[in-house]
Amino acid sequence: MLFPRQTLLILSLLFPLLAVTSHAQTGNFNLEDWPQTQASLKPIYVKAIMEQAGVHKVSFNKSAEFYLAELDRFSAFAQEKNYRPYLKMSVAQNLATIAIVNCDWKNGVPPWEFARKYLGTTQLELLKPLYSDAITKLQNNCVHPVNSQ
């Protein structure tokens with residue numbers, strides 16, 4: 001039998017994790033919120049988003065650490081350029097955008113075809129300053145172009 005003090009301790013440890021996971025999955029957590037997010041919570045958010053994508057049969061090869069760093073970078077880029085649609089979009093959708101552009105959104109659809117449908121040409125153009133090489137690779141269905149000599 002747990003004593004009331006132990007129960008409170010366990011609940012106090014579990015509640016933030018459950019709240020973080022729930023918040024990350026509901027879409028209420030926007031990119032503009034990302035920079036102020038506690039550094040210790042960011043990996044939890046990213047892992048929760050990646051796990052939720054897995055439920056929808058999407059897989060990733062890159063690590064949660066990669067996405068954490070890219071979300072930091074993408075957030076700074078969106079703020080610098082004042083790209084309000086990205087800043088108002090959920091962190092989960094922005095993680096998906098980063099995964100698609102970096103050829104890491106594995107859902108059974110050819111990468112370039114999916115990118116054009118999901119992101120569209122306008123978004124891809126907006127992302128070129130930050131992800132030029134990745135977009136070039138994406139246009140080649142995630143195969144490195146052969147350098148001619």
With all protein chains in place and a 1.4 Å probe, Thr136 shows an accessible area in Å² (nearest 10) of 60
Between Ala76 and Asn141, Cβ-based FRET efficiency (R0 30 Å, step 0.05) works out to 0.55
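When you count, for each residue, the other Cβ atoms within 10 Å and take the mean per peptide, how do 56-62, 100-106, 112-118 rank with the highest first?
100-106, 112-118, 56-62
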The base-10 log of I(q)/I(0) that the Debye equation returns for region 18-119 at q = 0.12, 0.18, 0.20, 0.21 Å⁻¹, one scatterer per C-alpha, is -0.36, -0.83, -1.02, -1.12
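What pairs from Lys42/Lys88; Lys62/Lys128; Lys42/Lys137 go past 23 Å between their alpha carbons?
On the way: Lys42/Lys88 18 Å; Lys62/Lys128 20 Å; Lys42/Lys137 28 Å.
With Cα atoms farther than 23 Å apart: Lys42/Lys137.
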With a 1.4 angstrom probe the carbon and sulfur portion of accessible area for region 63-149, in percent, totals 52
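How big, on average over all directions, is the shadow cast by the Cα convex hull of region 69-149, in nm²? The partial results should precede the final answer.
Values: hull surface 23.4 nm².
Average of the hull's projected areas for region 69-149 equals 5.8 nm².
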With region 75-121 reduced to its Cα atoms and the Debye formula applied, log10 I(q)/I(0) at q = 0.13, 0.23, 0.28, 0.32 1/Å amounts to -0.32, -0.85, -1.05, -1.17
Note to self: with every protein chain in place and a 1.4 Å probe, region 48-116 gives an accessible area per residue in Å² of 48
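The values are calculated or read from the model by the stated rules, or taken from the named source; none is laboratory data. What you see is a predicted model, and the numbers here were worked out from it, not measured in a lab. Please note: Cβ atoms are built from the backbone with ideal geometry, for glycine as well, and neighbour counts cover all protein chains shown. The area values use the complete protein model at the heavy-atom level, side chains included, leaving out ligands, DNA and RNA. Shrake-Rupley method; radii C 1.70, N 1.55, O 1.52, S 1.80 Å.
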